[in-house]
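Read through the structure below, which is laid out as structure tokens, and then see the notes.
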Amino acid sequence: MEYQSNLLQRFELAEGLKELADNGEDLSFLSPDMSALLDSIDQLHDEATTQSDQLTRLITTITNLYIDYERMVGRNGKTNIEKLHQILRDYNYDELLQFFKTKNSG
């Protein structure tokens, strides 16, 4: 998930750089890393599209398992779905771990 999150951030940055380039902006100030990122936008787009589908399936699976677990222990897990989705979208491992520890201890 961390890789997919980083890929999405790199792709969004590359899209912004491409927009600057398309508007005729002088991009000579870009670092070599940023220039390489701009040059690889087509590859990033293809990979981001594929990874996005996989990430969506993974988030759906985690969400369904969470709801099923909460139902199994007699709680309504649907009230916390938005928070879970936000943590998964941002992919903060420590926050995700804390989310599940808090839910399991109560």
HN-Hα J couplings of the range 66-71 from phi, Karplus 6.51/-1.76/1.60, θ = phi - 60°, integer Hz, Gly and Pro as x? 4, 4, 5, 5, 4, 5
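For the range 9-106, which trypsin sites (Lys or Arg not before Pro) are in a loop by DSSP, counting at most 14 other Cβ atoms within 10 Å? Display every interim value, and only then the final one.
Values: sites: Arg10, Lys18, Arg57, Arg71, Arg75, Lys78, Lys83, Arg89, Lys101, Lys103; in loops: Arg75.
Taking the range 9-106 and a limit of 14 other Cβ atoms within 10 Å, the loop trypsin sites (Lys or Arg not before Pro) found are Arg75.
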How much mean residue ellipticity at 222 nm does the chain get from its helices, if each DSSP H run of length 4 or more adds -39500 (n - 2.57) and you divide by all residues, to the nearest 500 deg cm²/dmol? -26500 deg cm²/dmol
Rounded to whole Hz, the Karplus (6.51, -1.76, 1.60) HN-Hα couplings of the range 21-30, x for glycine and proline: 5, 5, 8, x, 5, 7, 10, 5, 7, 5
Identify, among Ser35, Tyr91, Ser52, the residue whose Cα sits farthest towards the positive end of the charge dipole of the range 29-106, taking +1 on the Cβ of Lys and Arg and -1 on the Cβ of Asp and Glu, with the dipole about the Cα centre. Tyr91
For Lys101, list the lysines whose Cα falls under 23 Å from its own Cα; do not include residues on the same chain fewer than 8 positions away. Lys78, Lys83
Where does the Debye-calculated log10 I(q)/I(0) of the range 2-105 sit at q = 0.13, 0.20, 0.24 Å⁻¹, using only Cα point scatterers of equal weight, no solvent? -0.61, -0.98, -1.22
The summed charge of the Arg10 Cβ neighbourhood (under 11 Å; Lys/Arg +1, Asp/Glu -1) stands at -4
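Given contacts defined as C-alpha pairs under 8 Å and at least six residues apart, what's the relative contact order of the chain, whole-number percent? Could the numbers behind the result be given before it?
Details: 46 pairs, mean separation 30.8, N = 106.
Relative contact order for the chain comes out at 29 percent.
Bear in mind these aren't lab numbers, they're just calculated from the coordinates by the rules spelled out. Just so you know, these numbers come straight off a predicted model, no measurement behind them. Virtual Cβ from ideal backbone geometry, glycine too; neighbours counted across all protein chains shown.
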